[in-house]
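The values are calculated or read from the model by the stated rules, or taken from the named source; none is laboratory data. This structure is a prediction, so every number in the text was calculated from the model and none was measured. Positions of Cβ are backbone-derived with ideal geometry, glycine not excepted, and every protein chain shown enters the neighbour counts. All accessible areas refer to the heavy atoms of the entire protein, side chains included, with ligands and DNA or RNA removed. Shrake-Rupley method; radii C 1.70, N 1.55, O 1.52, S 1.80 Å.
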Amino acid sequence: MPYTAELIAVGTELLLGNIANTDAQMLSKGLSALGIHVYYHTVVGDNPERLRAAVEIARRRADILITTGGLGPTCDDLTKTVLAQCFGKELVYNSEAEERCRAFFQSIGREMTDNNHQQFYLPEGATVFQNDWGTAPGCGFEAEGVRVLMLPGPPRECTAMFQHRAVPYLQGLSDGVIVSRTLKLFGIGESGMESLLREKMNAMHNPTLAPYAKEGECELRITAKAESESAARALIAPVEEELRALFGDKIYGADLSSLEEAVLALLKEKGLTMGSAESCTGGLIAKRITDLPGSSAVFRGGVVSYATQVKHTVLGVPEELLEQYGAVSEPVARAMAEGARRVLGCDLAVSTTGVAGPDSDERGNPVGLVYVALATSEGTHVRKLHAGTGRERVRTAAAHNAFDLVRRYCAGLAL
């Protein structure tokens, strides 16, 4: 039977909205990959009574309780004290934690202050999670049938501590190996995808199949549990094969971070270069691909031709096209892509022109109307979109479609 977990984030700054609770997102993804179901997220301020109440609720409905924050040296860092009281544990001094903390301060040329000593007291019998990324150690223990893990709050520390300390600790709870494989899809919505899979998903037990919606694309995660990794992957393989047969070229990859990652790999494989001419996306395409290591091998550059005059003077879009059809039009998108390919000297060039909003343009084109073009040595293809409303949604959809056109061309798929 799968374990269930509850996450309790401790920090008044989270409740005030001063910082986002990115730890919870990271932990939920990581626990899901381990086959542990997260049913509740709770955020509590730096108040011992309210934290105690939250713990009392969580311990009755979860097998695993994970807290983030409240392990530091200040007076409002109270997580260890409250958790120890809730589970009847004494806090005991840990000399190794002090030695590591002193070494950390020496390494940065600072003197350790007395208030740091509260970080060296941990619940009796706990497994200490050494913190090589900060000063506050974490820990894990079992009491009254509940596994309790305490992790530091700063996201950089929390992420590293979870990956390198908590994951090995939690893996010891399982009598098998849990493996996941995530298929990435573009060109189908979450509801359409789920409607094709609902009956199958409800009937599956091992492996399981879960759909996820992201901005402009979807994911399908296949998770299997077996006595070994190879056995788990053997369970996943036929499910993946069936999904690939069902969704075809809408699946652009597996275990990838993004559509542009797939494009980068294809461009390298084919020995092709690309560039961009962006209007409504304002440089988003160039940013996304240059965020990836190794993109300099394939990306020649981009032109942010936001103004109509730049489309003409830099990209060479004929004035008569701009006057006759307007900037947001198929002919202009085509000319922008061809101009970028010529100016940048690349094999492939994409362009975007559209109305991101909040208002329609001077010609009455509605918000969300976008033209995306791909220019190649064999010709130019233009895709017309109705991307909905909201500037970020429109810009994201336009960039996604630009990368999809490049992907399809490189893979020999229909545009």
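Check each of the GluC sites (Glu not before Pro) in region 167-263 and keep only those in coil by DSSP with at most 14 other C-beta atoms within 10 angstrom; list them in order.
Those that pass, being in a loop and sparsely packed, are Glu215, Glu227.
Let me know the whole percent of all Cα-Cα pairs from region 193-343 that are separated by more than 21 Å.
In whole percent, the long-distance tail amounts to 60.
Quick check for you: with a 1.4 Å probe and neighbouring chains kept, what is the accessible area per residue of region 1-82, in Å²?
On the way: 3830 Å² over 82 residues.
With all protein chains present, region 1-82 gives 47 Å² per residue.
If region 257-304 were replaced by its equivalent ellipsoid, with semi-axes equal to the square roots of 5 times the Cα gyration tensor eigenvalues, what would those be, largest first, whole Å? Could the numbers behind the result be given before it?
On the way: eigenvalues 64, 27, 14 Å².
Value: 18, 12, 8 Å, ordered largest first.
Counting only protein heavy atoms and using a 1.4 Å probe, what share of the accessible area of region 38-147 belongs to carbon plus sulfur, as a whole percent?
46
With n ≥ 4 as the cut-off for DSSP H runs, can you work out [θ] at 222 nm for the chain, using -39500 (n - 2.57) per run divided by the number of residues, rounded to the nearest 500?
-12000 deg cm²/dmol
Any idea of Asp77's accessible area? Nearest 10 Å², probe 1.4 Å.
Spelled out: Asp77, probe radius 1.4 Å, area about 40 Å².
Nearest 10 degrees is fine. How inclined is helix 48-59 to the longest principal axis of the chain, computing both from alpha carbons?
So the helix axis and the longest Cα principal axis differ by about 80 degrees.
Using the alpha-carbon atoms, what tilt in degrees (0 to 90, nearest 10) does helix 330-344 show relative to the longest principal axis of the chain?
80
How high is the FRET efficiency between Tyr306 and Leu415 when r is their beta carbon distance and R₀ equals 35 Å, given to the nearest 0.05? If you can, show how the numbers build up before the last one.
Values: r = 26 Å, r/R0 = 0.74.
The value I calculate is 0.85.
Of all the stretches in the chain, which is the longest one without any exposed loop site, taking trypsin sites (Lys or Arg not before Pro) in a DSSP loop (any state but H, G, I, E, B) with at most 16 other Cβ atoms within 10 Å?
111-362
Just want the answer: with Cβ charges of +1 for Lys and Arg and -1 for Asp and Glu, which residue in Val92, Ala58, Leu348 is farthest toward the dipole's positive end in the chain?
Checking the options against the dipole of the chain, the answer is Leu348.
Mind putting together the pair-distance distribution for region 261-415? All Cα pairs, 5 Å bins, whole percent per bin, short to long.
2, 11, 21, 25, 20, 13, 6, 2, 0
For region 93-189, which GluC sites (Glu not before Pro) are both in a DSSP coil and crowded by at most 13 other Cβ atoms within 10 Å?
When the GluC sites (Glu not before Pro) of region 93-189 are filtered for loop state and at most 13 Cβ neighbours within 10 Å, Glu111, Glu124, Glu144 remain.
For region 297-371 and region 400-415, write down the distance between their C-alpha centroids in whole Å.
Centre-to-centre distance over Cα atoms comes out at 19 Å.
Taking only Cα atoms, what is the 0 to 90° angle, nearest 10, from helix 391-411's long axis to the longest principal axis of the chain?
70
Considering only C-alpha atoms, what is the centroid distance from region 227-254 to region 124-179, in Å?
With region 227-254 and region 124-179 each reduced to a Cα centre, they are spaced 31 Å.
How much accessible surface area, in Å² rounded to 10, belongs to the heavy atoms of Tyr212 with a 1.4 Å probe?
Accessible area, nearest 10 Å²: 80 Å².
Test of understanding: express the Cα radius of gyration of the chain as a ratio to 2.2 N^0.38 Å, with N the residue count.
The value comes to 1.22.
So for the chain, taking the charge dipole from beta-carbon charges (+1 Lys/Arg, -1 Asp/Glu), which of Met161, Asn116, Leu71 sits furthest toward the positive end?
Met161
Sum up the charges of everything whose Cβ sits under 11 Å from the Cβ of Tyr39, counting Lys and Arg as +1 and Asp and Glu as -1, but leave Tyr39 out.
Once all neighbours under 11 Å are counted, the net charge is -1.
How are the Cα pair distances of region 296-374 distributed, in percent, across 10 Å bins from 0?
P(r) over region 296-374, rounded to whole percents: 20, 51, 24, 5, 0.
Ignoring any ligand, DNA or RNA, what whole percent of the accessible area of region 288-415 comes from carbon and sulfur when the probe is 1.4 angstrom?
In region 288-415, the share of accessible area belonging to carbon and sulfur is 47 percent.
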